[in-house]
Amino acid sequence: MYTLCVGALLLGFVSEQCARGNPAKLLQLTAEGFKEHVQTGKTSLIYFGKYADPAIQTFIEQLETSAVALEDYGIIVAMVNCSKENVADYCTEEEVMRKAHLFRGAEVLRSFEIDTIFDVNAIVSHMLFTVLFNEVRYVHTPAELVSVERVAKGKTDIVMGHIPALGLPEHRALMETAFVYGGKYQFVQTTGAPLLKHMGITDASSVQARLWFLHCSGVSRPSEPCPHTLMRKQLSTINIHTFLQLMEAPVLVEADVDPEDVDVIYNHLNVPVLFLFAQTETLHMDRSTAETLAWRLRGEIGLVLIHRDSPRVKTPLRYNAAYRLPHEEVKYFTLKNAEEVVNLIQGQLFQEEKEVEDEEDEDEDHWASLDVLDDEVAESVYRDRGVTLDMESVSQLTANTFSAAVAQNGLTAVLFYMKWDAVSKAFLQSYVEVADALEGVSDVTLASVDCGEWTCVCREQNVSTFPSVLLFHLGEDAQYYRGMMGTESLYRFILLSHLSVPLSLSTSEEVLSFLEGELYSRHSSLSPIRALGLFAPKDPDVAIFEEAAKYLRGEMILGLFEHKEAERWAQEHSVTLPALLVSHGPGVQRKAHSLLLSTLQETISYISRAALDTLPELTVENLPWYMELRKPLLIMFVGGEESPETLQSLEEMRKAERTGLLESSLPCWIHLGRTPAGRAVLETYLSYVPPLPALVLSQVSSGGEVYHFPTERPLLSENIIQWLQRIENHQEKAVGVIPDKPWRPPVPFYDFLAVMDEEAPGSAAQRRPKAKPAGKNEEGDKKTRRETAFKPHTAPHHTEL
């Protein structure tokens, strides 16, 4: 009987529909009856008041109504009329009689002011929250949520609700769900704004109730965050129940019958169903598209992939998709790409639901906005979709023109891209800007290859990620651009790559001019770093250094001094030959290192590490180079002003670094004025921005724990060293964990080369060739244009979308 009642509650029926006699009544207790009742050990909400008081008549009416609802949860609602009865400690003072008490047996679990439990929703929600106190975790900050996630990973999923205020109908719905599903999921409740921004809600002042499903059961790595799905509908018991059923349902269902004949759980949950068609030749790609859409729209629709090659599928070939709204017929249509599917779902399937939402909900981050995509890059591309780029300054290469183009210029930069990829589109604009800026530079050409059209070219150059930029120097292997996908970074890289490397110096005067930045002075603004290799005449290791310099071309300016006077330079800097001198600009003390030349890769790594600064200022551009050291980052966050406190804190960091006791970490600093992104980093670490300067240890490469230097302690070198030693001895507690979440576009695009490899017979065992040097002859005829894999309107075997 109890189970039937709870089930009816979740399905939206009233309690009276449970098969019992009369609805539960407010139990009236005498003083003696109260003593006997609490001895039963049952959970009871008991109010001690006076019927004669007109001020409480409305409350008593709500109490009577709540008796019916709370009976389903094993909670008895009763009242003692203190006008007739006298119960010690409860019928003595007026202020006591303004309270209701939740008992478990004779123990009072909690007392409530009647102003707090003002109606049936408030009564039910507060009682259930109290009863489930040890099962429903209350969190306020992202760090507290991360702690709950850490325990749940690999074990159970989390249902988290944000309630603007306790006692609302949404609070009741969440608590009723927690009562039923508490043994299956970990329930979390929050009322604070800090969690909203952590979960991706930009308007933290919003008062809308929300619910998330955190998929933690499938997460095994401690540093990996739990993926989450936001419930878009209003928080009601039936909506939450439907949402949880969708979370339990398969992300994607496959069928071999027409959409009208498909019977899936989505139909019984009264949610829209989207049908996509697939065929055998492109099943891998079609399934990938369907899975991507299913995850993107999870919680809102059900998605079914129809195998068109089945003899039971009679749908005309002109349709490649269909949808069915609850209680309506299937509607067929034709779409060209995945984004159109999303637009249709967001713009049409939920139009009726949008119309009935109140104005407050419409002002929130409703998912049906057609002009806002989940990812910033994709959003910018969508926003600028009507802008036509002037591509005159960028040569469009094909399989017929590629080899000749990269062989006739001193330096040719080639962009390999997919024209429907959001990141490629965004970077293409920057690439055109670089081409325009370099138009007057002799012997430098910028070109591009659309890998969706000319896959053979991209395959021959071993390009499998998009966008990618390769630089071709005559007679040399292609060089990958590994910097940021932005105008300034690429412009600087190409200009530095145009220099001869390494620059051969013949006199000590030239060495001094090189280190002081006078030689190549016009490139000082591009890179202040100059690395000089010192070698004795005819040293065979010079060849390894020259190869390493070519690899590092574009990232720093490198010189070579192979001379008998090199010994004197080495002695002046207290190193032995071969040696490396690194200059970070005029007036900056040079660093000297003895070069240990063994393999090319080790030499490249050694030069790269030697060029790094001590106690560097981290920026968006140089961060990847310091991350490669795989050391915990000891970061001093300073404000936008060079205050005496900031300068003193950095000096104390330098003192601590000079002691040699910080070798296990990388001391560095971030200037929030010059690098505004540092504020977001600090807020991610600590969930708030503390007073600056602030010192943080980020163990990015080992567990992801974050430690915050106590704000009450002075930032002195000895205190910093002691704090780090306490962390090493596990005497300090981490304040948070860095989410191990890679940045990706909202819709992953296909690795078309991999798809083609799978389709080609026997090609899985073949290895792709390395990028070929510019100017060298290619074997065979490379002119084949693989249109059929990517052009649906011409391909006999194309994907449905």
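A Förster radius of 22 Å combined with the Cβ-Cβ distance from Ile529 to Arg679 puts the calculated FRET efficiency at roughly 0.20.
Pairs over the 28 Å Cα-Cα cut-off, from the set Lys42/Lys99; Lys591/Lys655; Lys419/Lys631; Lys25/Lys50: Lys419/Lys631. Once the Cα-Cα distance is subtracted from the 0.36 nm per residue extended length, the Asp263 to Leu661 segment shows a gain of 136.6 nm. Spin-label pair Glu488-Asn81: with each label point 7 Å from Cα along the Cα-Cβ axis, the two points sit 8.0 nm from one another.
Shown in residue order for the range 244-259 are the 3J(HN,Hα) couplings computed by the Karplus curve 6.51 cos²θ - 1.76 cosθ + 1.60 at θ = phi - 60°: 5, 5, 5, 5, 7, 6, x, 5, 9, 10, 10, 9, 10, 10, 5, x Hz (x for Gly and Pro).
A simple spin-label model places pseudo-atoms 7 Å from Cα toward Cβ; at His573 and Leu596 they are separated by 1.8 nm. 3J(HN,Hα) couplings calculated from phi for the range 702-707 with the Karplus curve 6.51 cos²θ - 1.76 cosθ + 1.60 (θ = phi - 60°) are, in sequence order, 8, x, x, 5, 10, 10 Hz; Gly and Pro show x. Taking every alpha-carbon pair in the range 557-642 and binning the separations at 10 Å intervals from zero gives 13, 40, 32, 13, 3 percent. If the label point is 7 Å along Cα→Cβ of Glu628, which residues in the range 574-607 have backbone nitrogen under 13 Å from it? Counting only backbone N, you get 601-607. What the phi angles of the range 25-35 give under the Karplus curve with 6.51, -1.76 and 1.60, with θ = phi - 60°, is a coupling list of 10, 5, 6, 9, 10, 8, 4, 5, x, 4, 4 Hz, glycine and proline written as x. Assuming R0 = 30 Å, what is the FRET efficiency of Glu291 and Lys184, from their Cβ-Cβ distance, to the nearest 0.05? The computed FRET efficiency comes out at 0.75. Applying 0.36 nm per residue to the separation of Trp420 and Ser504 and subtracting their alpha-carbon distance, the gain on full extension is 25.7 nm. Taking amide H positions as modeled 1.01 Å from N, with prolines and chain starts lacking one, the residues under 5 Å from Gly736 and 5 or more places away or on another chain are Val706. Remark on the range 122-190: ratio of C-alpha radius of gyration to 2.2 N^0.38 Å is 1.05.
Calculation over all alpha carbon pairs of the range 623-737 in 5 angstrom steps from 0 returns a P(r) of 2, 11, 23, 26, 23, 12, 2, 0 percent. In plain terms, the chain from Ser220 to Tyr332 could stretch by 36.2 nm, reckoned as 0.36 nm per residue minus the Cα-Cα distance. Estimated from the Cβ-Cβ distance and a Förster radius of 51 angstrom, the FRET efficiency linking Glu36 and Asn270 is about 0.60.
Read the figures in this text as sums done on the coordinates, not as results from a lab. Fair warning: this is a prediction, and the values are worked out from it, not measured in the lab. All Cβ positions, even for glycine, are placed from backbone atoms using ideal geometry, and neighbour counts span all protein chains on display.
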